[in-house]
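Nothing in this text is a laboratory measurement; each read-out follows from the coordinates by a stated rule. Here the structure is a predicted model, which is why all the values come from computation and not from measurement.
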Amino acid sequence: MLPTYTFFAVGKGHMILVEFSNELNMLVDCRRALDWPSPLENLKSRIRNLDVVVITHPHQDHLTGLKEVCDWFKPRALWHNGRYCKPDPVYDDWSFYEKLRNANISYCKPVRVERATVSRSMTRQSTWQRHLVRICWVLPKMRITTASFSRLQPGSLRS
C-alpha cells in the first residue's frame, strides 16, 4: 500500500507528513507560520506518534516549530543531510535542531543521509513535484508517483 502524503499550508517553507501503511509516520521539514495552525496543532489532529523527522536543510523556513513537535512526539530518528549553516541571530528551533543533529537529545538518533537519485524529467514537473523531488533526496529509495493525484490543496492532499 502506498504512503499517504499530507502537504500543510505553511506560507513560505515546507511541511509534509508521510503516513506509511505500517503505522510509521515521518515529518519532512517543519514550519510555523503566523497565520496558520502550528505544526503541533496540525500533527496532533492527524497522528498519535511520529517516528522520523526529516530536515532537508537547516533554514528557518524548514525548522520553526520543530522543538514543540519533538517535545510532544519524541521521534526516534532525525534524518538530515549534514549541511551546517549558523543563522544570525540564532533562534530557538535552530539551537534545538543542532542538539538533535549532534545526538544531544536522548530519545532521537541522528542519521546523516548523503545519497539520492533525482529524475532527469524534473524540468517538466509541476511545482509541487519539484518540491517532492527536492525533499526526497534525503528519503532513501522512496519512489514518488503522481498518477493518483487529481487536484492539490495544501493541508488536505491525500494520495
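Rounded to the nearest whole Hz, the Karplus-based 3J(HN,Hα) values (6.51 cos²θ - 1.76 cosθ + 1.60, θ = phi - 60°) of segment 79-92 follow the sequence 9, 9, 9, x, 5, 10, 8, 7, x, 9, x, 6, 10, 4, with x at glycine and proline. Here the Karplus curve 6.51 cos²θ - 1.76 cosθ + 1.60, taken at θ = phi - 60°, turns the phi angles of segment 53-63 into couplings of 10, 10, 10, 5, 6, x, 9, 4, 6, 10, 10 Hz, with x standing for Gly and Pro. Length gained on full extension, R83 to E98, computed as 0.36 nm times the residue gap minus the Cα-Cα distance: 4.3 nm.
Computed from backbone phi, the HN-Hα couplings of segment 42-47 come to 4, 6, 4, 7, 10, 9 Hz, rounded to whole numbers (Karplus: 6.51 cos²θ - 1.76 cosθ + 1.60, θ = phi - 60°; Gly and Pro given as x).
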